[in-house]
Amino acid sequence: MSTSRLSGFYNLSIEQRRAVLEQQGLLSAEELATLAGAPGLVAEQADHMIENVIGVFALPVGIALNFVVNGREVLVPMAVEEPSIVAGASFMARLARSSGGFIAHVSPPEMIGQMQLLGVADPQTARFAILEKKAELLAAAAEIDPVLKRLGGGPRDLEVRLIAESPIGPFLALHLIYDVRDAMGANAVNTACELLAPQVERLTGGRVHLRILSNLADRRIARARCTILLPELAFGDFAAETARDGVIAAWAFAAADPYRAATHNKGIMNGIDPIVIATGNDWRAVEAGAHAYAARSGRYTSLTTWGKDADGNLVGALEMPMAVGIVGGATKVHPAARAALKLMGVSSAAELAQIMVSVGLAQNLAALRALATEGIQRGHMNLHARQVAVAAGAVGEEIERLARLLVAEKTVRVDRAEEILLAWRNAIPS
Ligand code: MEV
């Protein structure tokens with residue numbers, strides 16, 4: 001991909017946008033068709049994915065432009081229903097380009113599998129009994145998944161935690177740390193925990209109750225940072241310094257207050273979930289990890305930080321767990337997910353995670369910049385008005401015309417849209 005800066009892309013028709021991606025050699029006509037919903041995921045394939053299938057559910061897929069992640073130009077597919085998200089991310093990515101875009105990295109792809117050990121006579125004795133045999137237990141776990149072993153993954157450590165207080169009294173929680181390479185990892189980790197449990201029971205005389213992955217994947221962290229050069233921040237009546245300080249003050253609210261932090265982090269996930277979905281990954285897992293990580297200090301707070309550097313530029317950073325894969329599960333089964341991965345040109349889960357946190361950071365900035373200046377509704381309403389127009393029954397050219405009128409009237413509501421539509425239609429001579 002030579003540049004993710006496809007100017008005028010917004011004004012093209014859907015067909016023309018697809019043609020651009022095809023001409024650039026990013027996706028074939030067949031791959032583009034899967035993202036276009038035809039054949040996409042057909043019910044017959046879906047029938048192998050979940051139970052009682054009766055059909056498939058479609059979402060819009062848009063392309064976020066202008067992203068440069070670790071020096072690489074990347075087009076980002078986003079599957080999402082909310083207006084403004086794709087435009088917001090693309091615009092902030094454009095502002096970040098003049099300082100080189102986003103710099104991102106990840107920790108090793110280590111997931112945590114939990115075993116709940118109940119009924120031991122003395123927790124400390126049981127803990128020591130497990131730790132004394134740690135090497136043997138890890139060696140046994142290493143044999144469970146030969147493919148992962150060949151790829152350099154497998155068990156890395158075994159930790160034993162005492163849960164001193166719980167509604168059923170104290171018990172032990174074992175953490176199997178497992179390097180899952182390019183997989184999301186739930187299957188590998190759950191299998192390993194289930195297979196190790198009998199050995200743990202023999203060693204301790206206790207009973208292993210739950211054996212399951214933890215979604216607080218705090219050893220599989222993705223981080224992104226960016227610098228927005230001060231002049232880039234000026235817009236409309238807002239001076240660059242005003243916009244910058246406004247963003248920092250908006251972030252401070254989220255850093256200090258959980259009510260605001262929940263919304264602030266939702267805005268970050270507006271950038272991340274659509275890529276998680278477009279690539280067939282488990283967005284509930286990523287959401288759970290993000291919010292649990294945001295509360296890791298005991299007080300729920302912002303996942304991002306915003307400040308200024310020595311030259312007065314705006315600097316932002318995002319750090320969060322990112323349990324996503326490019327092998328296994330729907331990432332391989334879903335034809336559109338395969339096309340989405342190809343479009344981004346990612347060859348590892350690490351690269352995918354790096355793109356995701358970069359987009360999350362951009363999305364957060366889009367929201368904070370709007371909130372700190374003109375407010376969120378203006379930008380939102382223009383796009384929202386189109387959805388309201390469609391919901392009211394507008395078709396064809398009526399949609400754009402009605403949307404513009406609703407925005408001009410500052411009444412973007414379905415009842416008003418229906419009223420206008422009725423008046424238009426009644427006015428047409430039959
Ligand atoms: C709306 O989907 C997301 C925002 O509420 C995020 C935020 O408040 O930071 C705009």
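The values are calculated or read from the model by the stated rules, or taken from the named source; none is laboratory data. Note that the coordinates shown come from a computational prediction; the quantities given were computed from them, not determined experimentally. Here the Cβ is made from the backbone with ideal geometry for all residues, glycine too, and neighbour counts use every protein chain on show.
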Please give the number of the condition Ser90 fails out of (1) touching a Gly at 6+ places or on another chain (Cβ under 7 Å); (2) assigned to a helix (DSSP H, G or I). (1)
For Glu351: the one exception among (1) crowded, with 21+ Cβ neighbours inside 10 Å; (2) not in a helix (DSSP H, G or I): (2)
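Table: residues versus (1) under 22 Å from Asn187 (Cβ atoms); (2) more than 14 Å from the ligand (Cβ to nearest atom); (3) of a type outside the set (Val, Ile, Thr).
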{"position": "Gly267", "(1), (2), (3)": "no, no, yes"}
{"position": "Ala278", "(1), (2), (3)": "yes, yes, yes"}
{"position": "Leu303", "(1), (2), (3)": "no, no, yes"}
{"position": "Ala310", "(1), (2), (3)": "no, yes, yes"}
{"position": "Asn313", "(1), (2), (3)": "no, yes, yes"}
Quick one: would you say Pro198 is over 29 Å from Arg338 (Cβ atoms) and at pLDDT 95 or above? yes
Checking the structure you have, find out if any residue of segment 237-244 is within 16 Å of the ligand (Cβ to nearest atom) and either out of contact with any strand residue (DSSP E or B) (no Cβ under 8 Å at 6 or more places or on another chain) or closer than 30 Å to Asp309 by Cα (or both). yes
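Does Ala295 fit the bill of being within 12 Å of the ligand (Cβ to nearest atom) and either over 23 Å from His105 (Cβ atoms) or at pLDDT below 95 (or both)? Walk me through how you get there before you give the answer.
On the way: within 12 Å of the ligand (Cβ to nearest atom): no; either over 23 Å from His105 (Cβ atoms) or at pLDDT below 95 (or both): yes.
Spelling it out, it is not the case that Ala295 is within 12 Å of the ligand (Cβ to nearest atom) and either over 23 Å from His105 (Cβ atoms) or at pLDDT below 95 (or both).
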Note on Thr263: of the conditions (1) away from the ligand (no atom under 16 Å from the Cβ); (2) assigned to a helix (DSSP H, G or I), unmet is (1)
Inter-residue pairs, beta-carbon under 9 Å, first among the basic types (Lys, Arg) and in segment 11-23, second surrounded by 14 or more Cβ atoms within 10 Å (Cβ to Cβ), 6+ apart: Arg17/Leu6; Arg17/Phe9; Arg17/Ile63; Arg18/Leu27; Arg18/Leu32; Arg18/Ala33; Arg18/Leu35; Arg18/Ala36
Looking at segment 354-394 only, could you name the residues that are outside any helix (DSSP H, G or I), within 14 Å of the ligand (Cβ to nearest atom) and either farther than 22 Å from Ala240 by Cα or of a type in the set (A, V, I, L, M) (or both)? Ile376
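Among the residues that make up segment 29-36, is at least one of them in a strand (DSSP E or B) and away from the ligand (no atom under 16 Å from the Cβ)?
Within segment 29-36, not a single residue is in a strand (DSSP E or B) and away from the ligand (no atom under 16 Å from the Cβ).
Can you tell me how many residues within segment 49-85 are in contact with a helix residue (DSSP H, G or I) (Cβ under 8 Å, 6 or more places away or on another chain) and touching a residue at least 12 places away in the same chain (Cβ under 8 Å)?
Here is the first cut: in segment 49-85, the ones in contact with a helix residue (DSSP H, G or I) (Cβ under 8 Å, 6 or more places away or on another chain) are 49, 53-56, 59, 61-70, 74-80, 82-85.
Narrowing the set further to residues that are touching a residue at least 12 places away in the same chain (Cβ under 8 Å) leaves 49, 55-56, 59, 61-70, 74-80, 82-85.
Residues that pass the stated criteria total 25.
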Ala252 fails exactly one of the following numbered conditions: (1) surrounded by 18 or more Cβ atoms within 10 Å (Cβ to Cβ); (2) out of contact with any helix residue (DSSP H, G or I) (no Cβ under 8 Å at 6 or more places or on another chain); (3) among the hydrophobic types (A, V, I, L, M, F, W, C). What is the number of that condition? (1)
Across segment 220-255, which residue is farthest from Ser98 (Cα to Cα) among those that are in contact with a Leu (Cβ under 6 Å, 6 or more places away or on another chain) and of a type in the set (Gly, Ala, Ser)? Ala250
